[in-house]
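A.B. asks: Have a look at this one.
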Amino acid sequence: MRVIRGMIDLEVPLPFNIYKGDGSLLMRQGVVIYNQSRIDQLCQWETYTTANGEKDDAPAASIVTKADDVTVTDYIEDLMFRLDITYSNFLTNGFNVVNDVTRISVELYHKMISDPDAMIGMVHLRTDLKHSIIRTLQNAVFSILTANSLGWSKQRVTKLASAALTENLGMLSMQEDLFRHSGPLQEWQTEAIRKHPATSVQMLIGMGVKDKDWLRAVGYHHERMDGSGYPNKQQGSAIFEESRVLAIADRYGATISPRMDRKPGSPQDVMRYLLKGEKEQYDQDIVRHFIAEIGVYPPGITVRLKNGDIAVVTHRRAKRTFPLVSSIWDRELVPYDFPVERDTYFSEFAILGHFLHDDASRLNEDALWGKERHRLGKDIQMFRVHDEYHTTSAEDAELSGEVTLF
């Protein structure tokens, strides 16, 4: 049955599961929704009370319900909604986010192990999604990527992911306003930003977090190696190692994400900042691990090829300078009927450099990272017809300066 208005009540546990049109589970029975706009979204989207949707007589074999049938692209779309629900409930009702965050951290760890290129690609490509949420997810993905490269244990990595997902709780209530803000920050805004690491720690303690590593990672994530950070101006080895990872992931995500008054920067931009212009601020050993892992041309960015095509990087290779890509537009910027896989090892498809295309975020991710039957299917749509979870809000974080919003 299709979910319609009147079937879901505000602040009342859901009486049934809610499924997407493809049969995948979106929200479980018993979840409480505290924001009317979320109920409105569910009713506007094609959501159902059964996995069969409106086809009650559909054979069970045709229903996509198994976890291993859910692609990373579907998972990210669902996760964005789950994170937004969690944080909205936290703001409106003081909801304790700890259980949700720890569960998501473990999920992310396994997704990064099973399909890292798709995860990296999605958080690069989909910067059109709700900005505060995609930035939080970027921080978690890039932190996990770096920590795995450093050889950390699963327990340590998932704890780091939990810190990445909660490091900005202390400024969550003002983030959307800040993303739309133009001009200099007011004094009270600057003060709130400087205090938010400590405020986030206090909130986590209030929600029952006793893990000192989690709390230290959050509390120090804006400290800098040269002592220029905040709130305590700690230096060098005095800064918790997890916090040093979060700082690099945060800096990278802030640069590649758009804001109201600028286009997103390229990965090469932030790598230059981290290695040269701001090398005194960031742990250079961790920076090298991060760059070696993500590559100069990470999945999800658009590049121009020597043959004139504009392509999306889809998969890293052992030699990071020669990734696999899919051509989307020809030299005249006319889109192909479906993505054309290219190997940049061959000279005719060599990457000339980063190329920002405004329509990149509209690409159908399943055509790039979906199951092989989807990627190779000639009938798959190249671009999404509508966005289920789209917003044009942008981050108001400076590329330089001592105060950043993320």
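A.B. asks: Which one of these is among the hydroxyl-bearing types (Ser, Thr, Tyr) and under 22 Å from ARG259 (Cα atoms): SER149, SER173?
C.D. replies: Step by step, each of SER149, SER173 is checked, and only SER173 is among the hydroxyl-bearing types (Ser, Thr, Tyr) and under 22 Å from ARG259 (Cα atoms).
A.B. asks: Next question. At pLDDT 95 or above, not in a helix (DSSP H, G or I) and not acidic (Asp, Glu): which single residue out of VAL313, VAL287, VAL340 fits that description?
C.D. replies: Among VAL313, VAL287, VAL340, only VAL313 is at pLDDT 95 or above, not in a helix (DSSP H, G or I) and not acidic (Asp, Glu).
A.B. asks: Still on this structure: On the basis of being of a type in the set (D, E, K, R) and either surrounded by fewer than 18 Cβ atoms within 10 Å (Cβ to Cβ) or part of a helix (DSSP H, G or I) (or both), does GLU223 make the cut?
C.D. replies: So GLU223 fails the test.
A.B. asks: Now a separate question. From the set of residues in the stretch 1-36 that are assigned to a loop (DSSP other than H, G, I, E, B) and of a type in the set (Phe, Trp, Tyr), which is modelled with the lowest pLDDT?
C.D. replies: Restricting to residues being assigned to a loop (DSSP other than H, G, I, E, B) and of a type in the set (Phe, Trp, Tyr), the top hit is TYR34.
A.B. asks: Return the residues of the stretch 330-341 that are surrounded by fewer than 20 Cβ atoms within 10 Å (Cβ to Cβ) and within 25 Å of the chain's Cα centre (by Cα); say none if nothing qualifies.
C.D. replies: The one that is surrounded by fewer than 20 Cβ atoms within 10 Å (Cβ to Cβ) and within 25 Å of the chain's Cα centre (by Cα): GLU341.
A.B. asks: With respect to GLN155, determine if the residue is assigned by TED's automatic domain parsing to the domain that holds GLN202, part of a helix (DSSP H, G or I), within 16 Å of PRO258 (Cβ to Cβ) and not aromatic (Phe, Trp, Tyr).
C.D. replies: no
A.B. asks: Quick check on the stretch 262-284. Is at least one of its residues on the phi > 0 side of the Ramachandran plot and part of a loop (DSSP other than H, G, I, E, B)?
C.D. replies: no
A.B. asks: Restricted to the stretch 92-102, and to residues that are modelled with pLDDT of 90 or more and assigned to a helix (DSSP H, G or I), which residue is surrounded by the fewest Cβ atoms within 10 Å (Cβ to Cβ)?
C.D. replies: ASN99
A.B. asks: Given (1) farther than 22 Å from ALA254 by Cβ; (2) touching a strand residue (DSSP E or B) at 6+ places or on another chain (Cβ under 8 Å), identify the lone condition not met by LYS154.
C.D. replies: Tallying (1) farther than 22 Å from ALA254 by Cβ; (2) touching a strand residue (DSSP E or B) at 6+ places or on another chain (Cβ under 8 Å), LYS154 fails exactly one: (2).
The values are calculated or read from the model by the stated rules, or taken from the named source; none is laboratory data. All values derive from a computational prediction rather than experimental measurement. Virtual Cβ from ideal backbone geometry, glycine too; neighbours counted across all protein chains shown.
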